[in-house]
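Student: Dumping the structure here so I can ask a few things about it.
The values are calculated or read from the model by the stated rules, or taken from the named source; none is laboratory data. Source: prediction; values computed, not measured. Cβ atoms come from the backbone with ideal geometry, glycine included; neighbour counts cover every protein chain shown. All accessible areas refer to the heavy atoms of the entire protein, side chains included, with ligands and DNA or RNA removed. Shrake-Rupley method; radii C 1.70, N 1.55, O 1.52, S 1.80 Å.
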Amino acid sequence: MTTRILALVAALALLGTVPYWVPGIYYTNVASQILFYAIFALGLNVLAGYAGLVSLGHAGLFGVTAYATGYMLQLGFGHPIAILIALLISMISMAIYAALSLRATGIGFIMITLALGEILWGLAYRWISLTGGDNGLNLKTRPEPFGYSLSDVNTFYYATLIIFLFSLATMTVFVRSPFGAALMGTRDQPRRMNALGYHVWAIRFYACMFSGLLTSVSAILFVYYTQFISPQTLALTASAEVLLMVISGGAGTLLGPIVGAGLVVVVKTVVSGFIERWNFLLGTIFVAIVILMPEGLVPGTVRLWRLAWRKFAGSPRAMTRDAEAKP
Amino acid sequence: MNLWLVLAVNSITFGGLLFLLSAGFSLIFGLMRIPNLTHGSLFMVGAYIGVTFVLGIRGFQMNIWLAAILATLTVAALGALAERLLLRRLPGDQLAQVLVTLGLSFMAADLCLMIWGGDPISVPTPAELEGFVSIGVLVFPAYRLAIIVIAAVFAAALWLLLDRTRLGAMIRAGVDDPDMARVVGIRVSQLFTIVFALGAGLAAFAGIIGGPILTVYPGLDQDMLPLALVVVILGGTGSLLGSFVGSIMVGFIYNFGQALLPELAYFVLFLPMLLVLLLRPQGLFGRHVP
């Protein structure tokens, strides 16, 4: 337990001082990207990891929030009002999205969410009078909460960090709450949960809404970060990218999606400096992870670490701990 | 000529192409229980390979039908290979299989961009079908009529295959109850490969014969895959009749939508899907909810 607290303090100290130990503001910006994508991945993890509902249309919802924020700002609203209206629109869209896709589970759910995501993408692409089509929407300014201008790289990073930590804390509470337990119950044994008197559909619906909320929060950070939104943000590749974050890190774990977000953002940023073929690499990593390490990097590394520990150290204490962890 | 009639002919043509695309999609879904997310890519790869043959390799040009047959066979072989080498390694894990097909579709899209570049390639209409056909007072473009005829022939052939042959009976048994089919001695895993290759070949064939109408461009896969998904959601999985009716419906909705509400063409597709999901989640002709 003490090691856990120590690790937590060390991680917080590292995150809190990022602008001071990275080589330049470019890297601070990469860190901000990792953090808001991590919020997005946490949001998808609620569904893909804890509810067993793999959504392939989440980039569509992400885009709805981003476009709504951009459009409200273009209409001349102030930042707080624009953000509030965008959140409201996103929650309504999420409710419709959930009501439609929860007609099915498993593969059917994937198929419906994929179709919905593509339809949202098609709307962003073709409904030019609203979205500007391929030219996208530009945001002129970033907000200035409490007098701190988010145009400053470091301030933006810290704002993102605070929202990220808040989201992570919410996730932790959610996972340990009775609602989290009920959700995992509907993932593993929906019929038994139903027999026990739980309203499976309603539990899944609320999980969708929670996932949608995290998604919209990350989308608002994203749209203020790039100050630009185009249909590319809603494409199937974007949905797959965030799903890759969740799966590569470890679906249904608290830290997995964060590690996955870091991995995908770093690989994407570093690699796109050298080659243009990001999508090819994305596809390859996807296939490789699914075939070689289906449980994800975090649980996979833990498993390998335990295995290595047992082989090399061979201490009986490690053996018993492993035996305990198994069932 | 009457605008509505032109639109209707275009809709049926497009519906025919969609049928070729989604029949395989629906059969793979029915048998293997996975939506094959590479299906759009197979359509695009077929179109690219076909157009390469049509435009000629080292000055040797082929007519479109020969090119279509070659492209179909190549893509069918690729599909069988992907099924054998990758999907086969994840037995029973449908989620992993879907994700592998998704990863493959990204790889295919990027490879096509690498090989054929980003510019759209137009496919020449075969010379013998370039003109118009007049029926009574009405005039139709010959190539579109040819596609309608081809789609109808394929629909009939597929129906015969599924309804009248031993292989078709085995496929139907696999769709209805794979476990029971195994028990009575049908090698369902072999059927997987056959159906996957058949579906891949049909998609590629649709891609190349649709070439003169749609042209071939990067992103064609992402345009076609959602249409195939909507067809299967409408018609129901594993049902040939379902994909036929669904394709014609989507063909009409998509073409009329594009003519009347160009900005919302994609969105109007959503309405019939919504109605079907609300009233009949298994699809119009499907037997079980996916």
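Student: Once ligands and nucleic acids are excluded and a 1.4 Å probe is used, how much of B:ASP176 is accessible, expressed in Å² to the nearest 10?
Tutor: 90
Student: Can you tell me the accessible area per residue over the protein assembly as shown, all protein chains present, probe 1.4 angstrom, in square angstrom?
Tutor: 44
Student: Explain nothing, just the number: dipole magnitude of the stretch A:61-152 about its Cα centre with +1 on each Lys and Arg Cβ and -1 on each Asp and Glu Cβ, in debye rounded to the nearest 20.
Tutor: Here the size comes out at about 160 debye.
Student: Related question: First compute the accessible area of chain B with a 1.4 Å probe, then give the percent of it belonging to carbon and sulfur atoms.
Tutor: Percent of accessible area from carbon and sulfur atoms in chain B: 69.
Student: Here is a follow-up. Determine, for each peptide in B:25-36, A:19-30, the mean count of other beta carbons within 10 angstrom over its residues, then list the peptides with the highest first.
Tutor: B:25-36, A:19-30
Student: Sticking with this structure for a sec: Take peptide B:267-279, look around each residue's Cβ out to 10 angstrom, count Cβ atoms belonging to other protein chains, and average those counts.
Tutor: That works out to 3 on average.
Student: Turning to a different aspect of this structure: Name the residue farthest towards the positive end of the dipole of the protein assembly as shown from the options B:THR237, A:LEU243, A:VAL175, assuming +1 on Cβ of Lys and Arg, -1 on Cβ of Asp and Glu, about the Cα centre.
Tutor: A:VAL175
Student: Right, here's the next one. Could you identify which residue out of B:ILE150, B:ILE233, B:ILE49 has the top mean-square fluctuation in a GNM of chain B using Cα springs shorter than 10 Å?
Tutor: B:ILE150
Student: Can you give the translational diffusion coefficient of the stretch B:44-105 in µm²/s, computed by Stokes-Einstein from the Kirkwood radius over Cα pairs at 37 °C and 0.692 mPa s?
Tutor: Working: Rh = 13.1 Å.
Approximately 251 µm²/s, per Stokes-Einstein.
Student: Net charge around B:ILE150, counting only other residues with Cβ within less than 15 Å of its Cβ (Lys, Arg = +1; Asp, Glu = -1)?
Tutor: Its environment carries a net charge of 0.
Student: Just the number, please: Stokes-Einstein D of chain A in µm²/s, Kirkwood Rh from C-alpha pairs, 4 °C, 1.567 mPa s.
Tutor: Stokes-Einstein gives a translational diffusion coefficient of 62 µm²/s.
Student: Could you work out the Rg to Rh ratio of the protein assembly as shown, with Rh taken as the Kirkwood radius (inverse of the mean 1/r over all Cα pairs)?
Tutor: 0.99
Student: Here's another thing I want to ask about it. How far is it, in nm, from the label point at B:ILE121 to the one at B:ALA152 when both lie 7 Å from their Cα along the line to the Cβ?
Tutor: Roughly 3.2 nm, to one decimal.
Student: Highest GNM mean-square fluctuation, chain B, Cα pairs closer than 10 Å: which of B:THR52, B:THR38, B:THR13?
Tutor: Looking only at B:THR52, B:THR38, B:THR13, the biggest GNM fluctuation is shown by B:THR52.
Student: What is the Cα centroid distance between the stretch A:60-131 and the stretch B:1-64, reported in whole angstrom?
Tutor: Measuring centre to centre over Cα atoms gives 30 Å.
Student: Still on this model: Computed on protein heavy atoms with a 1.4 Å probe, what is the summed buried accessible area for the chain pair B and A, in Å² to the nearest 100?
Tutor: For B against A, buried area totals roughly 3900 Å².
Student: Considering only protein heavy atoms and a probe of 1.4 Å, how much of the accessible area of the stretch A:1-148 is carbon and sulfur, as a whole percent? Mind dumping the intermediate values first?
Tutor: Working: 4510 of 6410 Å².
C and S atoms contribute 70 percent here.
Student: By the scheme Lys and Arg +1, Asp and Glu -1, what is the net charge of all other residues having a beta-carbon under 12 Å from that of A:THR155? Mind dumping the intermediate values first?
Tutor: Values: positive: A:ARG142; negative: A:GLU144, A:ASP152.
Here the charged neighbours net out to -1.
Student: While we're on this one: A:THR172 versus A:ASP188, label points 7 Å from Cα toward the beta carbon: distance in nm?
Tutor: Placing both labels 7 Å along Cα→Cβ, they lie 2.3 nm apart.
Student: Using only Cα atoms, what Kirkwood radius does the stretch A:84-132 have, in angstroms?
Tutor: Every distinct Cα pair counted, the radius reaches 11.9 Å.
Student: May I have the extent of the alpha carbons of the stretch A:112-262 along their three principal axes, as whole Å values ordered from largest to smallest?
Tutor: Here the Cα extents, ordered largest to smallest, are 53, 37, 27 Å.
Student: Which net charge results for the neighbourhood of A:ALA59, defined as the other residues with beta-carbon distances under 12 angstrom from its beta-carbon, given Lys and Arg at +1 and Asp and Glu at -1?
Tutor: For residues surrounding A:ALA59, the net value is -2.
Student: A:ASN154 versus B:SER134, label points 7 Å from Cα toward the beta carbon: distance in nm?
Tutor: 8.1
Student: In addition: So for the stretch A:30-163, taking the charge dipole from beta-carbon charges (+1 Lys/Arg, -1 Asp/Glu), which of A:ILE162, A:GLN74, A:GLY108 sits furthest toward the positive end?
Tutor: A:GLY108
Student: Right, here's the next one. Using θ = phi - 60° and the Karplus relation 6.51 cos²θ - 1.76 cosθ + 1.60, list the HN-Hα couplings for the stretch B:2-7 in order, rounded to whole Hz, with x at every Gly or Pro.
Tutor: Ordered by residue, 3J(HN,Hα) equals 5, 4, 5, 5, 4, 4 Hz.
Student: Mind checking A:117-127 for the average number of partner chain beta-carbons within 10 Å of each residue's beta-carbon?
Tutor: 5
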